[in-house]
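First comes the structure, then the notes that go with it.
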Amino acid sequence: MAGSFRRHFPAVLLEEQALMIEDRNIITTGASTAVYSLVLRLIAEVGGEELAQQTSRMMLLDSERQSQAPYVSQALLEKPRHSLAEKITHFLDKQLHNQITVARLASHCGTSERSLLRHFRSNYGTSPLGYIQHLRVERAKALLEATQLSFDEVVERCGYSDAPSFRKLFKRETSLTPADYRERFRLRAR
């Protein structure tokens, strides 16, 4: 819902990855289950950290969860609906594993680089590079969940050649290392 939020409240700084934001005396949470993080924070404030940890264990909550990023599915994200967005999506779906420049993407979409940059800022809230990096992390998440590919193979299929830099990007985007992500979210045979 980030795109819709930005359109309706353009003056508000949205931190869409955060579980909880505190600004003066107002605290907000992300998705509905993020309210548990708020409850644990309040318990810690009133009853101490040990009580909050015990409550977390008793309720089977991940008290270490700091971000919504590992739980967000690309399929659930709102996508802009117009021809430029469709051209971008189609191109990136087919070319994500290759080197992609803003100039190449703009050329494919039949627009100027400047128009493309404006489109990304207004519709995606980021730059083309930021969006491409996000898509590559999403692809890596899917591969880590559903395959036994080595991390180097995952990195290659996501259009990177430098595994350490992709590992840093992945951790920045998801707040988990690729190995931790695979352990937590991999599809297990029943």
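The values are calculated or read from the model by the stated rules, or taken from the named source; none is laboratory data. These numbers were taken from a predicted model, which means no experiment stands behind them. Counting neighbours? That spans all protein chains shown, and the Cβs are built from the backbone with ideal geometry, glycine included. The area values use the complete protein model at the heavy-atom level, side chains included, leaving out ligands, DNA and RNA. Shrake-Rupley method; radii C 1.70, N 1.55, O 1.52, S 1.80 Å.
Data table
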quantity: Residue in region 4-26 that is modelled with pLDDT under 80, part of a helix (DSSP H, G or I) and open to solvent by 100 Å² or more (accessible area, probe 1.4 Å) present; calculated: no
quantity: For SER67: the one exception among (1) within 18 Å of GLY130 (Cβ to Cβ); (2) of a type in the set (Gly, Ala, Ser); (3) at pLDDT 80 or above; calculated: (3)
quantity: Looking only at region 140-190, and only at residues there that are among the basic types (Lys, Arg) and touching a residue at least 40 places away in the same chain (Cβ under 8 Å), the one that is nearest to LEU96 (Cα to Cα); calculated: ARG157
quantity: Failed condition for CYS109, given (1) in contact with a Phe, Trp or Tyr (Cβ under 9 Å, 6 or more places away or on another chain); (2) open to solvent by 50 Å² or more (accessible area, probe 1.4 Å); (3) over 23 Å from GLU16 (Cβ atoms); calculated: (2)
quantity: So THR177, is it within 16 Å of the chain's Cα centre (by Cα) and either modelled with pLDDT of 95 or more or over 30 Å from PRO10 (Cβ atoms) (or both); calculated: yes
quantity: Out of LYS168, LYS141, sole residue that is charged (D, E, K, R) and at pLDDT 95 or above; calculated: LYS168
